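Note sheet for the following structure.
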Amino acid sequence: MTALHWESTGAGDPVLMIMGLGLSGGAWWRTVPVLSRSLRVITFDNRGVGRSRARLHSYTTEAMADDAVSVLDAAGVERAHVYGFSLGGMVAQQLALRHPARVRSLVLGATHPGGPRAVRPDAEVIAFFRRRASMSAKAAAQASVPFNYGPRCRREHKDRIAEDIRRRLAHPFPEQAYRAQMVAAALHNCYRRLTRIEAPTLVLHGREDRVVPVANAEIIAERIPRAELRILEDAGHLYSTEEPDVDDEIARFFAGAA
Amino acid sequence: MSPRVDELLEAAVNAYEDLIRRSTDLQRTLARGLPFEPARAVLNATADLTRDIGAVQISGVRWLLDS
């Protein structure tokens with residue numbers, strides 16, 4: 001059966017955090033200390049990743065959204081702010097569409113709407129992600145740096161990148177789970193239904209994101225009625241490493257949406 | 001595709017999605033009422049399969065509609 005590992009930090013209005021491809025809930029390590037000053041922050045490992053287990057290695061973002069609701073149930077939370085990053089942002093879109101009563105507000109970070117209207121990354125990025133599943137965790141983490149971080153971060157914050165990698169390697173994931181999450185991302189398609197999301201939404205994206213091109217954020221923000229768009233100049237895909245102050249901005253957004 | 005046909009197809013997809021949702025919910029409700037394993041686990045597994053197969057079908061159709 002599917003068993004999900006989750007953790008709760010802090011007190012206040014609850015916020016559920018949904019992480020991206022192959023990363024455990026521990027990858028929120030920069031953000032949790034900031035948000036938990038004023039919020040109850042709930043993180044979890046997506047199915048098949050970190051300390052969570054899955055019965056089948058066949059995932060969809062719909063199934064992962066239902067997993068997220070199971071975490072809310074287990075935590076005794078009826079309604080929460082939701083912050084999804086990358087693949088987690090796709091899961092958060094499904095969560096807001098499938099379970100609208102459970103979502104108080106939404107932050108969609110570095111994600112895309114799915115379907116043929118989504119803007120694909122360049123050929124070099126696609127080739128890397130195809131290769132990545134067959135690489136060792138350490139080699140993949142090092143090789144992903146040019147894709148995950150913007151040029152400024154790679155130049156000025158090598159220490160932050162090294163710390164990210166050290167923490168990421170603490171929870172390696174099986175190849176099967178990685179492939180299953182890739183399939184879930186490929187099948188994801190919320191483009192048409194984004195207009196139905198009623199929750200106040202903050203769409204965040206790094207201008208230099210190569211993994212999920214920034215045009216996707218513009219599409220999402222145009223289609224969600226109560227969305228505001230925040231583009232982080234100079235930041236790449238993992239923008240919270242490059243722009244740690246963005247976490248304070250997110251906390252203020254949740255406070256305003258309470 | 002004319003806007004009218006597009007609307008009709010979209011409505012059909014939405015109705016199918018609703019059907020999948022109801023079928024999944026029904027299986028889960030029945031599973032909760034079962035007093036013994038492995039019947040409960042089997043029914044929960046079929047509910048998951050119903051949701052996931054339906055999700056793949058619906059995603060595919062929406063992909064075509066959006067193209």
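The values are calculated or read from the model by the stated rules, or taken from the named source; none is laboratory data. What you are looking at is a predicted structure, and each value in this text was computed from that prediction instead of being measured. Here the Cβ is made from the backbone with ideal geometry for all residues, glycine too, and neighbour counts use every protein chain on show. Keep in mind that these areas ignore ligands, DNA and RNA; they rest on the heavy atoms of the full protein, side chains included. Shrake-Rupley method; radii C 1.70, N 1.55, O 1.52, S 1.80 Å.
Just counting partner chain Cβ atoms within 10 Å, what average do the residues of peptide A:114-122 show around their Cβ?
The mean count of partner-chain Cβ atoms within 10 Å per residue comes to 2.
Find the Cα radius of gyration of the protein assembly as shown, compare it with 2.2 N^0.38 Å by division, and give the number to two decimals.
Against the empirical 2.2 N^0.38 Å value, I get 0.97 for the protein assembly as shown.
Would you grab the residues whose amide H sits under 5 Å from the one on A:Leu39? Only those 5+ places off in sequence or on another chain, please, with H modelled 1.01 Å from N.
Here A:Ala11 satisfy the definition.
What is the helix-to-structure angle for B:3-33, meaning the angle in degrees between its Cα long axis and the longest Cα principal axis of chain B, kept from 0 to 90 and rounded to the nearest 10?
Once rounded, one gets 0 degrees.
Have a look at segment A:168-206 and report residues whose accessible surface goes down by 30 Å² or more when the remaining protein chains are included, against the chain on its own, probe 1.4 Å, ligands and DNA/RNA excluded.
Buried by 30 Å² or more upon assembly, which counts only protein chains, are A:Leu187, A:Asn189, A:Arg192, A:Arg193, A:Arg196.
Of A:Pro116, A:Ala186, A:Val82, which is farthest along the charge dipole of the protein assembly as shown in the positive direction, counting Lys and Arg as +1 and Asp and Glu as -1 at C-beta?
Farthest towards the positive pole: A:Ala186.
Summarise the accessible area of chain A (1.4 Å probe, protein heavy atoms) by the percent that is carbon and sulfur.
On chain A, the fraction of accessible area on carbon and sulfur atoms equals 51 percent.
What's the ranking of A:133-145, A:241-253 by average number of surrounding C-beta atoms within 10 Å, highest first?
The peptides rank, most packed first, as A:241-253, A:133-145.
Considering only protein heavy atoms, what per residue accessible area in square angstrom results for the protein assembly as shown with a 1.4 angstrom probe?
In whole numbers, the protein assembly as shown has 44 Å² accessible per residue.
About its Cα centre, what dipole magnitude does segment A:28-113 give when the only charges are +1 on Lys and Arg Cβ and -1 on Asp and Glu Cβ, stated in debye to the nearest 20?
Charge dipole of segment A:28-113: 220 debye, to the nearest 20.
Where the centroid of each part is defined by its Cα atoms, how far is segment A:146-198 from segment A:1-80 in Å?
For segment A:146-198 versus segment A:1-80, the Cα centre distance is 15 Å.
Return the residues of segment A:68-98 for which accessible area with all protein chains present is lower than in the chain on its own by 10 Å² or more; set the probe to 1.4 Å and exclude ligands, DNA and RNA.
Relative to the lone chain, where solvent access is computed with a 1.4 Å probe, segment A:68-98 loses at least 10 Å² at A:Arg98.
Could you rank the peptides B:34-43, A:14-23, A:91-100 by their average count of other C-beta atoms within 10 Å per residue, with the highest value first?
Sorting B:34-43, A:14-23, A:91-100 by mean packing, highest first, produces A:14-23, A:91-100, B:34-43.
Pull up all non-local amide H partners of A:Asp209: gap of 5 or more, or a different chain, and H-to-H distance under 5 Å with H placed in the peptide plane.
Amide H neighbours of A:Asp209, under 5 Å, 5+ apart: A:Val214.
Probe radius 1.4 Å, ligands and nucleic acids left out: can you give me the accessible area buried at the B-A interface, summed over both chains, in Å² to the nearest hundred?
1800 Å²
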